[in-house]
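First the structure, in the form of structure tokens, and then the observations on it.
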Amino acid sequence: MRLTEQQLRFFDTFGYLGFPGLFKDEVDAITDSYERVWAEHGGGHNNAPHDHRTRSNLQQFIEENEYLSSLVDDPRIDGIAASVLGDDYNYSHSDGNRYVGDTPWHPDLVGRKVVSSFKMGFYLDPVGRESGCLQVIPGSHKFGDKFAQALREAAPSVRGNRTEALWGVRGSDVPAVALETQPGDMLMFNHQTVHGSFGGGTGRRMFTVNMEERYREEDLPELRVEMARNPGRSGYDSAYGEAMVRTAT
């Protein structure tokens, strides 16, 4: 599966893409595997049950499960990633989440990075504008652009959901595109894209797969610094989970 020229231009211009029903035939197997990983970790963060009051998050998520690990070899995932990042792209990392309430507006990457990268998101519950779907601010990924820079400078305030003090509107009323999804849909967005979600239940299920352009030989020192400072990898013996390494092609 390769992206069309129109899809590539859309992603480059607006910083996101949606793929309705891309994994609808696999949604049961994906959901079962998702739940199995959570059950093996006590149902929540740090082997504690999800309390429905705060977000639960697990790093190295798909890497804990052979079936989920195999998704990186799926021709749909591989083709999309190769279309954007080149055939020699790298799988970076993953995480699993059970979301509670609002998430503030934020980009996943604040500073400039020497390689391009993006996140693929799998949402396992129906979510809409008022029930916690992903919302994105198109074009906010353009690092150095005046509009994107203004959003980036506002990020410290916006992260605290203080949009009313900053712009006079609630976080949910910030101009944005609401990407409503059903189980089996897949979304992708640039790590620089400013995004958030508002409303919804207290256990919204979602996991991510993150890809990045291959580092050039001369950029390996920066990669080592990034690997060392990534908080999601702290406490792990390896950058990748055991099931991922054992079954990698």
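The values are calculated or read from the model by the stated rules, or taken from the named source; none is laboratory data. Since this is a predicted model, take the numbers as computed values, not measurements. Quick reminder, even Gly has a Cβ in these numbers, built from the backbone with ideal geometry, and neighbours come from all protein chains shown. Side chains are part of the model used for accessible areas, which takes the heavy atoms of the whole protein and leaves out ligands, DNA and RNA. Shrake-Rupley method; radii C 1.70, N 1.55, O 1.52, S 1.80 Å.
Take the residues of the stretch 195-220 that are among the β-branched types (Val, Ile, Thr) and open to solvent by less than 10 Å² (accessible area, probe 1.4 Å): which is nearest to the chain's Cα centre (by Cα)?
Keep residues of the stretch 195-220 that are among the β-branched types (Val, Ile, Thr), which gives 202, 208-209.
Within this subset, residues satisfying the condition of being open to solvent by less than 10 Å² (accessible area, probe 1.4 Å) are 208-209.
Working: 208: 5, 209: 6 Å.
Restricting to residues being among the β-branched types (Val, Ile, Thr) and open to solvent by less than 10 Å² (accessible area, probe 1.4 Å), the top hit is 208.
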Residue by residue through the stretch 115-131, note down the ones that are more than 26 Å from residue 76 (Cα to Cα), assigned to a loop (DSSP other than H, G, I, E, B) and not basic (Lys, Arg). 130
Confirm whether residue 2 is more than 24 Å from residue 180 (Cβ to Cβ), loosely packed, with under 14 Cβ neighbours inside 10 Å and either touching a Ser or Thr at 6+ places or on another chain (Cβ under 8 Å) or of a type outside the set (Asp, Glu) (or both). yes
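Report whether or not residue 141 is of a type outside the set (Gly, Ala, Ser) and open to solvent by less than 30 Å² (accessible area, probe 1.4 Å).
Working: of a type outside the set (Gly, Ala, Ser): yes; open to solvent by less than 30 Å² (accessible area, probe 1.4 Å): yes.
Yes; evaluated as a whole, the condition is true for this residue.
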Answer residue from the stretch 165-183, given it is closer than 19 Å to residue 140 by Cα and part of a helix (DSSP H, G or I) and is most open to solvent (accessible area, probe 1.4 Å) among those: 167
Among (1) open to solvent by 30 Å² or more (accessible area, probe 1.4 Å); (2) charged (D, E, K, R); (3) within 20 Å of residue 71 (Cβ to Cβ) - the single one residue 153 does not satisfy: (3)
Name every residue in the stretch 29-62 that is surrounded by 16 or more Cβ atoms within 10 Å (Cβ to Cβ) and of a type in the set (D, E, K, R), in order of residue number. 55
Mind listing just one residue for me: the one in the stretch 6-63 that is among the aliphatic types (A, V, I, L, M) and part of a loop (DSSP other than H, G, I, E, B) and, of those, farthest from residue 178 (Cα to Cα)? 48
